[in-house]
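Contents: one structure, followed by commentary.
The values are calculated or read from the model by the stated rules, or taken from the named source; none is laboratory data. Computed from a predicted structure; not experimentally measured. For neighbour counting, all protein chains shown are included, and Cβ atoms are generated from backbone atoms with ideal geometry for every residue, glycine included.
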Ligand code: ADP
Ligand code: ZN
Ligand code: ZN
């Protein structure tokens, strides 16, 4: 007797699978990864087979049969990976498995099978028939001529023949019956459109540094001792070319590759370089694809027709066969961590996947994370490919400006003013008719509004944060929950009509710059102007095509683009990210400033960078200005070791939220009690600490600093699952974040 152990795709934490079902012959081939429709109590649910066994512990009379088999689902390796994610990130098996299933099954829908199309090609007799006097009807002759037109061996689809040649199926059927053409059914795939941005498909000869990097990666692919590499190279040092060359070797070895790129990095530039080099062997998986396109790209990988997958974090689960190489481009990027359940880190998933498959792993960045710096074998690309030098970075002390009131616009409590040096540099760009990028990591017109008479500040009714004024849309917005209200004319507390708009965001800055650099055009890039999918690509394209202009925006402007004619980059309020109460604040600030610096001076005209800040002496800013990633990392690792932060410990964050502050606190305390005693030695438990109210929910946080990751995660998982089955949680939700960012 065959037994299928099935994990139902329901997300209730209390329901612990897998459950046994008897497998009847009529279902045909069912194995690990198969998707089944099974009876479950009185319901029918979709489930995934996680194991096939010979016997069950259940008595035979309690074993029931699945209703039907729905799809082949995922390979056993991917099922294993999905379950690993569920365990590692304290989620449920169902949530983990959804990540590895075909897009059509993952959300609980039913698979709809591939679309078929009929392809036609002439036989040799058919080609000959056109010239040897074989009697052919008018329609048949026309059809044969059309089919014999393309290169030998090429096929045309029946649908296409009908649409543009008026050749009907009947005619094709007759020709086939006479042995003059061959018809076959093939799967038809919808391919996403790749915008051609003129990427070269030719390979430049690699530099010595690039060659050495590729050799090390290929050795890793072939089983060398060191399988995981960090490719540390400044922007423009040719990292992408290394990924392309290594991918080419993988393909020659008959193996596949996964190339992870940051969400925002999915620009035509990045995609089209892979598409130009590898054509249809590349599949793209990202959220902007239509559902059908995504499913088809997935199936091309599953079928082995495509061997390389390029995509954001979810591509770590792509069904690439015979994996030989996994690339994590811009490995420092925050988008690799998933925000919702399961809160997985795609970089860790990629490492696990590569290790299981015996594939080489390469994480590339100009500003690697301390974790990666310490954990992976380093490869360096110390120079820019074109021999270009890194731009000179000048740190401008914004504190001088506060009393001087110089520059454009008014000083504001939260910065955003232009220093006279910055104004001067922009004027030079205007005179030269060149291009500049200005980064201010804060959107909107002004970050808060308050009454000049009584001091009332406008806050979100659902969250403990200030509302941000958006002038063009005439709204006060909460950037956390989306709450919107109209802009008041007067203070609701005292009636005063003098309301102060403090500070500046990108919207206001764009208006200031419009005046400062006119007649040069100003392009604003932030999530307000680029909310539609793909809109940011359009804004970047317009900036690229303009002969001159200024691109202003949030951190979106600092990522991954390559504009040779940018001569000036400016970061305003560079220390804003330093003020976040987060142990990664320094790392983030360093990366942001260094990445933006890398955007400048790629072309022949060279370039410069201005960093305007209230904290010119901050370590992150000094090292970024000196292009000194190594120096920064050395200091940062020292600090982390002293404070026992990652990579010298593992963090697990537990968050309790409730509309009722008292309940959140009470449950947080009982979670703490339940955990105490059950934790492995060397685990520190901090909290409960309050966090600001969000979406009407009060929040409490517990933080664990663990020496032993697995033991701590297991203890947290057991505690959380124990609570989920009991009554204690009433009205309180609990979420666990392993390796919080
Ligand atoms: P990175 O990914 O480190 O920013 P890229 O791989 O995008 O760098 O390289 C920057 C530019 O230099 C690209 O236009 C690329 O085509 C070109 N390039 C890379 N390697 C070479 C090389 N060995 N010879 C000539 N041009 C190269
Ligand atoms: Zn007032
Ligand atoms: Zn809010």
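Scanning the stretch 660-675 for residues that are touching a strand residue (DSSP E or B) at 6+ places or on another chain (Cβ under 6 Å) and more than 20 Å from residue 717 (Cβ to Cβ) yields 661, 664, 665. One residue alone among 686, 656, 704 is in contact with a strand residue (DSSP E or B) (Cβ under 6 Å, 6 or more places away or on another chain), exposed (fewer than 15 other Cβ atoms within 10 Å of the Cβ) and in a strand (DSSP E or B), and that residue is 686. The listed residues are 292, 238, 223, and the only one of them that is buried (at least 20 other Cβ atoms within 10 Å of the Cβ), more than 16 Å from ligand 3 (Cβ to nearest atom) and either under 19 Å from the mean Cα position of the chain (by Cα) or in contact (Cβ under 8 Å) with a residue 12 or more places away in the chain (or both) turns out to be 238.
Restricting to the stretch 267-283, and then to whatever is more than 14 Å from ligand 1 (Cβ to nearest atom) and under 11 Å from residue 244 (Cα atoms), can you tell me which residue is modelled with the highest pLDDT?
The qualifying residue modelled with the highest pLDDT is 278.
Are there strands (runs of 3 or more DSSP E) fully within the stretch 506-586 with at least 2 residues that are in contact (Cβ under 8 Å) with a residue 12 or more places away in the chain and within 16 Å of residue 427 (Cα to Cα)? List them.
Working: elements: 522-525, 549-553, 566-571.
Strands (runs of 3 or more DSSP E) meeting the threshold: 549-553, 566-571.
Quick check: is even one residue across the stretch 193-205 under 30 Å from residue 169 (Cα atoms) and either modelled with pLDDT of 95 or more or in contact with a strand residue (DSSP E or B) (Cβ under 6 Å, 6 or more places away or on another chain) (or both)? Looking through the stretch 193-205, none of the residues is under 30 Å from residue 169 (Cα atoms) and either modelled with pLDDT of 95 or more or in contact with a strand residue (DSSP E or B) (Cβ under 6 Å, 6 or more places away or on another chain) (or both). Name the residue that is nearest to ligand 1 (Cβ to nearest atom), counting only residues in the stretch 460-473 that are exposed (fewer than 15 other Cβ atoms within 10 Å of the Cβ) and farther than 20 Å from residue 527 by Cα. Among those that are exposed (fewer than 15 other Cβ atoms within 10 Å of the Cβ) and farther than 20 Å from residue 527 by Cα, it is 464.
Of the listed requirements (1) more than 22 Å from the chain's Cα centre (by Cα); (2) closer than 27 Å to residue 653 by Cβ; (3) surrounded by fewer than 21 Cβ atoms within 10 Å (Cβ to Cβ), residue 563 misses just one: (2). Which of (1) surrounded by 17 or more Cβ atoms within 10 Å (Cβ to Cβ); (2) over 30 Å from residue 382 (Cα atoms) does residue 615 not meet, given it meets every other one? Of the numbered conditions (1) surrounded by 17 or more Cβ atoms within 10 Å (Cβ to Cβ); (2) over 30 Å from residue 382 (Cα atoms), the odd one out for residue 615 is (2).
Being more than 18 Å from residue 310 (Cα to Cα), more than 16 Å from ligand 2 (Cβ to nearest atom), in the same structural domain as residue 298 (by TED's automatic domain parsing) and modelled with pLDDT of 95 or more is the requirement here; does residue 217 meet it? Criteria met by residue 217. Would you please name the residue that is farthest from ligand 2 (Cβ to nearest atom), looking only at residues in the stretch 440-473 that are touching a helix residue (DSSP H, G or I) at 6+ places or on another chain (Cβ under 8 Å) and not in a loop (DSSP other than H, G, I, E, B)? Restricting to residues being touching a helix residue (DSSP H, G or I) at 6+ places or on another chain (Cβ under 8 Å) and not in a loop (DSSP other than H, G, I, E, B), the top hit is 470. Quick check: is even one residue across the stretch 492-503 within 16 Å of ligand 3 (Cβ to nearest atom) and not in a loop (DSSP other than H, G, I, E, B)? Taking every residue of the stretch 492-503 in turn, none turns out to be within 16 Å of ligand 3 (Cβ to nearest atom) and not in a loop (DSSP other than H, G, I, E, B). For the stretch 474-486, the candidate set comprises residues that are in a loop (DSSP other than H, G, I, E, B) and either buried (at least 16 other Cβ atoms within 10 Å of the Cβ) or touching a residue at least 40 places away in the same chain (Cβ under 8 Å) (or both); within that set, the residue that is farthest from ligand 3 (Cβ to nearest atom) is 479. Against the conditions (1) surrounded by 14 or more Cβ atoms within 10 Å (Cβ to Cβ); (2) within 16 Å of ligand 2 (Cβ to nearest atom); (3) in contact (Cβ under 8 Å) with a residue 40 or more places away in the chain, residue 494 satisfies every one except (1). Restricting attention to the stretch 689-701, which residues are in contact with a strand residue (DSSP E or B) (Cβ under 8 Å, 6 or more places away or on another chain) and either within 16 Å of ligand 3 (Cβ to nearest atom) or over 30 Å from residue 460 (Cα atoms) (or both)? Correct list: 691, 692, 693, 694, 697, 698, 699.
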